[in-house]
Amino acid sequence: QVQLVESGGGLVQAGGSLRLSCAASGSIFSINAMGWYRQAPGKQRELVARITSGGSTNYADSVKGRFTISRDNAKNTVYLQMNSLKPEDTAVYYCRIVALRYSFSYDAVYWGQGTQVTVSS
């Protein structure tokens, strides 16, 4: 089994900052890509940012220059530093990893339970 535990969501005023964390645990042999997605009410889930095992990153245009994704491979943890938050950033944020489990021969996708981020104007 693989478990993802997210933390760091909450309520913040526009212009403020939050840092999300997602720690993966379980029978993990290696983690390929790690990323954050979000889903606002009535909208589809969308990619916010992702980072590969080699450290390459990509971001949604709407968050470039404000959000930074990073990872600590020793801790199997991915972070999302969110600065200059806007009301339109309000959503449930989900952690997603692509990982290889022990005794498996292929990668699989795992999702966190989601954490609410609310930005007030």
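The values are calculated or read from the model by the stated rules, or taken from the named source; none is laboratory data. What you are looking at is a predicted structure, and each value in this text was computed from that prediction instead of being measured. Don't worry about glycine lacking a Cβ; one is built from the backbone with ideal geometry, like all the others, and counts go over all protein chains shown. Each accessible area value is taken on the protein alone, full model and side chains, heavy atoms only, with ligands, DNA and RNA left out. Shrake-Rupley method; radii C 1.70, N 1.55, O 1.52, S 1.80 Å.
Overview of values
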item: Complete set of residues in segment 25-44 that are surrounded by 21 or more Cβ atoms within 10 Å (Cβ to Cβ) and of a type in the set (Gly, Ala, Ser); result: Gly35
item: Within segment 45-68, considering residues that are of a type in the set (Ser, Thr, Tyr) and either touching a strand residue (DSSP E or B) at 6+ places or on another chain (Cβ under 6 Å) or surrounded by 12 or more Cβ atoms within 10 Å (Cβ to Cβ) (or both), the one farthest from Ser21 (Cα to Cα); result: Ser62
item: Residues that are more than 12 Å from Trp36 (Cα to Cα), open to solvent by less than 70 Å² (accessible area, probe 1.4 Å) and touching a Ser or Thr at 6+ places or on another chain (Cβ under 6 Å), drawn from segment 84-117; result: Pro87, Thr90, Leu100, Arg101
item: Residues (over 11 Å from Gly35 (Cα atoms), part of a strand (DSSP E or B) and open to solvent by 30 Å² or more (accessible area, probe 1.4 Å)) located in segment 69-83; result: Asp72, Gln81
